[in-house]
There are 4 protein chains.
Amino acid sequence: MHIGFLGLGNMGGPMARNLLKAGHTLTVFDPSPLATAALVELGARTANSPAELARDGVAAIVTMLPTAAHVKDVYLGAEGLLANVTRGVLLIDSSTIDPLSAREVAKAAAAQGNPMLDAPVSGGTGGAAAGTLTFMVGGTDSAFDHAHPLFAAMGKNIVHCGASGNGQVAKIANNMLLGISMVGVAEAMALGVALGMDAKVLAGIINTSSGRCWSSEINNPFPGVLENAPASRGYSGGFGTDLMLKDLGLATEAARHAKQPVVLGAAAQQLYQTFSLQGYGGLDFSAIINLFRREA
Amino acid sequence: MHIGFLGLGNMGGPMARNLLKAGHTLTVFDPSPLATAALVELGARTANSPAELARDGVAAIVTMLPTAAHVKDVYLGAEGLLANVTRGVLLIDSSTIDPLSAREVAKAAAAQGNPMLDAPVSGGTGGAAAGTLTFMVGGTDSAFDHAHPLFAAMGKNIVHCGASGNGQVAKIANNMLLGISMVGVAEAMALGVALGMDAKVLAGIINTSSGRCWSSEINNPFPGVLENAPASRGYSGGFGTDLMLKDLGLATEAARHAKQPVVLGAAAQQLYQTFSLQGYGGLDFSAIINLFRREA
Amino acid sequence: MHIGFLGLGNMGGPMARNLLKAGHTLTVFDPSPLATAALVELGARTANSPAELARDGVAAIVTMLPTAAHVKDVYLGAEGLLANVTRGVLLIDSSTIDPLSAREVAKAAAAQGNPMLDAPVSGGTGGAAAGTLTFMVGGTDSAFDHAHPLFAAMGKNIVHCGASGNGQVAKIANNMLLGISMVGVAEAMALGVALGMDAKVLAGIINTSSGRCWSSEINNPFPGVLENAPASRGYSGGFGTDLMLKDLGLATEAARHAKQPVVLGAAAQQLYQTFSLQGYGGLDFSAIINLFRREA
Amino acid sequence: MHIGFLGLGNMGGPMARNLLKAGHTLTVFDPSPLATAALVELGARTANSPAELARDGVAAIVTMLPTAAHVKDVYLGAEGLLANVTRGVLLIDSSTIDPLSAREVAKAAAAQGNPMLDAPVSGGTGGAAAGTLTFMVGGTDSAFDHAHPLFAAMGKNIVHCGASGNGQVAKIANNMLLGISMVGVAEAMALGVALGMDAKVLAGIINTSSGRCWSSEINNPFPGVLENAPASRGYSGGFGTDLMLKDLGLATEAARHAKQPVVLGAAAQQLYQTFSLQGYGGLDFSAIINLFRREA
């Protein structure tokens, strides 16, 4: 299939490479010449603008952008994708943005005959490179079926979450819970150790009890509990605190519009914000445990 | 072995029965004649006071009491166990109390030559009846080894958590995390559904993603997601909100003494307290989701 | 002075009337014919659109609108004020919106030669009718001086808060603190009474001690403490819970953009949201105390 | 009057001096010889134990101790005051402790014919030295009237809060609100300044608006707003963060026993605990603003 790919950053770049590897042809666009050059080397064509990309005979377009403002601009702008794309071309936005914006853009696309899916991912840059991302997809059944081979080229776990916007809903609901659980594990581990327990013993008990969760089993925030977790290498790599902050902001904003209370979600957001203010926004989000431990 | 058992309530009663079943002989004490009668029928001897129980030639004593005040009274009181028990008799307290009190009592016992273990349980009244409780045990290696057959008669998962008091530490750390996770799952599920997702689809995504935890997988608070969870039967049965409140109170109090922040732990405690004040303290703690959902 | 007035709701209507009373002539616009008719009766001219109002020879325009989206639409839209107003006309927006939007609109106005002030108010519909509003004003000194007589016709306390947007900053910072203090007073009063104190005695002590604040002295949430407070008339009248929610949403959103933690601000927002979800959004915000009291 | 005074620390020492100045005779006790020596120099007699003090012909005894455990020990211990004091002697405890403990001790005193008042103070070491303390007093009318001259010698504002324990209730309710308000002011000031406002202008607006409170007017946490506040001298002096933590701990514990939610009270406690953990427990509690500001 001939695919347009817009947004070749840390996530978009490797995703586009996996589409090429799977035998698709690509036309790419990114404001950074370096980013496009890397794809051109692997055989992609380049476009000079979103409009040019949309007109390059593509059967589908994938976008991977930082914020809802970028997504709206790229799709709805006077020189944007919708104004230039052929009727019937499938549109896939893999950016993580708020569900309301996702639905607004998809509605405009559908109104002019372009099926659109919101398809945010989880799995990080590692998953993007390895082609093992999880895609949480919102949109019609037919668009989902149509897009499935593309997702399969870039990811491993592809979940249809329901109608338009529900991919974003699933992502922010899951990540809000993740952000809360991690603070919970951090507090429980720090408390247990302060009261005299060995961290590994405590983690072992939690992981076979009702406190167990992804954050205790896979990304335990206490240094030394898991050899390969960020906590055991100075909290480098992993999922950055500021990225968690972004997702928690999306969740609490969506909750505000839905008039839905998220008490611990909002509290977790404020704790990561406090930690980020102290200069640690670049560390894996499990580093939040340092807010609760006396410095060595 | 001849064992004294003190405290024959909803938990202690079935635990004592399982000791009898395993072939041990028992002398029991409880202020309620009905509770003792049930055990006497099964072959237990009865004592008229803790002091009498302590003097009845027992090789070990197990206690299961509601609060630290009861534990201190029963062990340290003028007419209590320590004042009457023979040197060398093994003491096991399975009450859930704060670690400081547990250590204080164990220290007094050790000082007069009675090894003592704190051994709070999880698994509820169902686990007590079935003999499948988890025991989280604090105390010396030799006391732990000595007591192991007794635990094995009453439970399935027996974990040595380290020195005296660490059984209690493990229990309150785990349960604080559990209390936080449940609120997190409740908020995430309520938010996702308010934003248009199907509850089962959302639970499925969370359970295969980084938000997964015991509360989402085993005790999901959204009605209808799990057929056998309390949420699907009006939140009856399960682990009561007021019991969760008790454990969160123990955790935040222990944190206060350890000068350890537990921000979400304290917030979760206050939410369950708010919910209990509205009259729902007897419902399974997953009912906390009703604080975040518009009434039908 | 000939003034355009756009937005004749519960606040804008009486504000416009006070400008008429002070001898100014008005051209008004509102989508509701009833709202405009009331002003026409008092001598105002009416316009059929914001564009027509802007072209009606006005020397200044005052707007009073519900949200930032309305403000942006009215000022920046193709048929909006900026596209139609004469260079030099003074623009005053008294809506309560986020500071970033206020600054964006004011910058666009300034760029085409129209000085603009953000001038949100406090004092409620009572203050609007009585002409005793407080105006918190952001913008240049000369625009502030120029607008002063208009503010003086509608209000009593007119404060220059600094450059563009700072009127909004002052309003949301103050109201966030107000929202927090009210919850604080509610918790303290409910706790004191639960522990056996008389509510009036407790309020008296707080009001002469370090806990005193506007919420304890002027709008005490405990029924019967102040004869004339909403708490003593079923929480009717006053400043609605949902209006407080709106302002807390503006504050936490502005904080998010400024990467500034507001832990208690966010917590207070979630509590009012929880209370509103239970169906009480129309009650004075002091009714939040009912979240902390067992129902009678 | 001949008075026994027990506890001659930073608060008790100057309080005892003011009783001497007012013409009373004193018998004092404190474990520190230095502390007693200072009072002996001013004419006080000294006792070698609480028991000896109680038997020294005193008409009233005042105690000023750090915790409820000390109070219970001193009053209820085998060698304590109640076991040795003459029937009818008036007992006044000015320690800040939980209301339940205060009521327990007062009840024991009353049962043997000794009227007892709980009378915690506010005003700090400065107020203790100047004799301008506020006394919040719980107990019977007759005991209050009887003790009034003693309070008047040590303080300025003497408030009868109702029955036994209510002095403590008033103190912890007020101080919980104070702890919340201070965090609220800190967040509002930090947010306003981050959004571009001048701190003094913002404080001025808040202090004439609905956000005004003791913490904004008298102890504003932003440096430079008030010349004489701790914030303008590196947060030295004032009311220490760890003392605020103690009072918040008493408030949340009392709330727990009363089954009363204190959501923001508990959140504020955790924030001060987090700040104390970072090493700042000795600074005035207004320094909590540094948790919300990027370090210079």
Whichever residue in segment C:182-196 is open to solvent by 10 Å² or more (accessible area, probe 1.4 Å) and either in contact with a helix residue (DSSP H, G or I) (Cβ under 7 Å, 6 or more places away or on another chain) or in a strand (DSSP E or B) (or both) and, among such residues, is farthest from the other protein chains (Cβ to nearest Cβ) = C:Val193
From (1) open to solvent by less than 20 Å² (accessible area, probe 1.4 Å); (2) in contact with a His (Cβ under 8 Å, 6 or more places away or on another chain); (3) more than 24 Å from A:Leu53 (Cα to Cα), pick out the condition that doesn't hold for A:Met136.
-> (2)
Consider B:Gly249 carefully, then state whether it is at the interface with chain A (Cβ under 7 Å from one of its Cβ atoms) and closer than 25 Å to C:Ala267 by Cβ.
-> no
Segment C:227-243: number of residues that are over 17 Å from C:Met176 (Cα atoms), small (Gly, Ala, Ser) and open to solvent by less than 30 Å² (accessible area, probe 1.4 Å) = 2
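Given the options D:Ala68, D:Ala38, D:Ala60, D:Ala16, name the one that is at pLDDT 95 or above, among the aliphatic types (A, V, I, L, M), farther than 23 Å from D:Lys156 by Cβ and outside the structural domain of D:Ala255 (by TED's automatic domain parsing). Explain how you work it out, then say what you get.
On the way: D:Ala38 fails: at pLDDT 95 or above; D:Ala60 fails: farther than 23 Å from D:Lys156 by Cβ; D:Ala16 fails: farther than 23 Å from D:Lys156 by Cβ.
The unique qualifying residue is D:Ala68.
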Go over the candidates B:Leu90, B:Leu81 one by one and state the one that is closer than 20 Å to B:Ala16 by Cβ, touching a residue at least 60 places away in the same chain (Cβ under 8 Å) and buried (at least 22 other Cβ atoms within 10 Å of the Cβ).
-> B:Leu81
Enumeration of residues in segment C:28-52 that are hydrophobic (A, V, I, L, M, F, W, C) and within 19 Å of C:Asn18 (Cβ to Cβ) | C:Val28, C:Phe29, C:Ala35, C:Ala37, C:Ala38, C:Leu39, C:Val40, C:Leu42, C:Ala44
For C:Ala106: the one exception among (1) surrounded by fewer than 24 Cβ atoms within 10 Å (Cβ to Cβ); (2) outside the structural domain of C:Ile288 (by TED's automatic domain parsing); (3) part of a helix (DSSP H, G or I); (4) at pLDDT 95 or above = (1)
Write out, first by first residue and then by second, each pair whose Cβ atoms fall under 6 Å of each other, whose residues are 6+ apart or on separate chains, and whose first residue, in segment B:101-121, is among the small types (Gly, Ala, Ser) while the second is part of a strand (DSSP E or B).
-> B:Ala102/B:Asp118; B:Ala106/B:Met116; B:Ala109/B:Leu91; B:Ala109/B:Met116; B:Ala119/B:Ile92; B:Ala119/B:Phe135; B:Ala119/B:Val137
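Quick check, is B:Gly179 under 26 Å from C:Gln273 (Cα atoms), under 18 Å from the mean Cα position of the chain (by Cα) and surrounded by 23 or more Cβ atoms within 10 Å (Cβ to Cβ)? Talk me through it step by step, then tell me what you get.
Details: under 26 Å from C:Gln273 (Cα atoms): yes; under 18 Å from the mean Cα position of the chain (by Cα): yes; surrounded by 23 or more Cβ atoms within 10 Å (Cβ to Cβ): yes.
Against the criterion (under 26 Å from C:Gln273 (Cα atoms), under 18 Å from the mean Cα position of the chain (by Cα) and surrounded by 23 or more Cβ atoms within 10 Å (Cβ to Cβ)), B:Gly179 qualifies.
Residues are listed down the side, and each one gets a yes or a no for (1) touching a residue at least 12 places away in the same chain (Cβ under 8 Å); (2) more than 14 Å from chain C (Cβ to nearest Cβ):
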site: A:Glu217; (1), (2): no, yes
site: A:Phe222; (1), (2): yes, yes
site: A:Phe239; (1), (2): yes, yes
site: A:Asp284; (1), (2): yes, yes
site: A:Ile288; (1), (2): yes, no
site: A:Phe292; (1), (2): yes, yes
Of (1) among the β-branched types (Val, Ile, Thr); (2) more than 7 Å from chain B (Cβ to nearest Cβ); (3) over 25 Å from A:Asn10 (Cβ atoms), A:Val201 satisfies all except one. Which?
-> (2)
Looking at this structure, is D:Ala35 within 21 Å of the chain's Cα centre (by Cα), open to solvent by less than 70 Å² (accessible area, probe 1.4 Å) and within 24 Å of D:Leu243 (Cα to Cα)?
-> yes
Is it true that some residue in segment B:211-226 is in a helix (DSSP H, G or I), open to solvent by 10 Å² or more (accessible area, probe 1.4 Å) and touching a strand residue (DSSP E or B) at 6+ places or on another chain (Cβ under 9 Å)?
-> yes
Wholly within segment C:1-90, helices (runs of 4 or more DSSP H) carrying at least 1 residues that are of a type in the set (Gly, Ala, Ser), under 22 Å from C:Gly113 (Cα atoms) and in contact with a strand residue (DSSP E or B) (Cβ under 8 Å, 6 or more places away or on another chain) = C:50-54
Mind telling me which of the residues C:Lys200, C:Lys246 ends up being touching a residue at least 60 places away in the same chain (Cβ under 8 Å) and either in contact with a Pro (Cβ under 9 Å, 6 or more places away or on another chain) or surrounded by fewer than 24 Cβ atoms within 10 Å (Cβ to Cβ) (or both)?
-> C:Lys246
In segment C:113-160, what residues are among the acidic types (Asp, Glu), in a helix (DSSP H, G or I) and in contact with a strand residue (DSSP E or B) (Cβ under 8 Å, 6 or more places away or on another chain)?
-> C:Asp141
Looking across segment D:145-163 at residues that are within 9 Å of chain C (Cβ to nearest Cβ) and not aliphatic (A, V, I, L, M), the single one that is surrounded by the most Cβ atoms within 10 Å (Cβ to Cβ) is D:Cys161
Collect the residues in segment A:249-296 that are outside any helix (DSSP H, G or I), closer than 19 Å to D:Tyr280 by Cβ and open to solvent by less than 10 Å² (accessible area, probe 1.4 Å), keeping them in residue-number order.
-> none
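The values are calculated or read from the model by the stated rules, or taken from the named source; none is laboratory data. Because the structure is predicted, anything quoted here is derived from the model rather than measured. Note that each Cβ is placed from the backbone with ideal geometry, even for glycine, and that neighbours are counted across all protein chains shown. Accessible surface areas use protein heavy atoms only, side chains included; no ligands, DNA or RNA. Shrake-Rupley method; radii C 1.70, N 1.55, O 1.52, S 1.80 Å.
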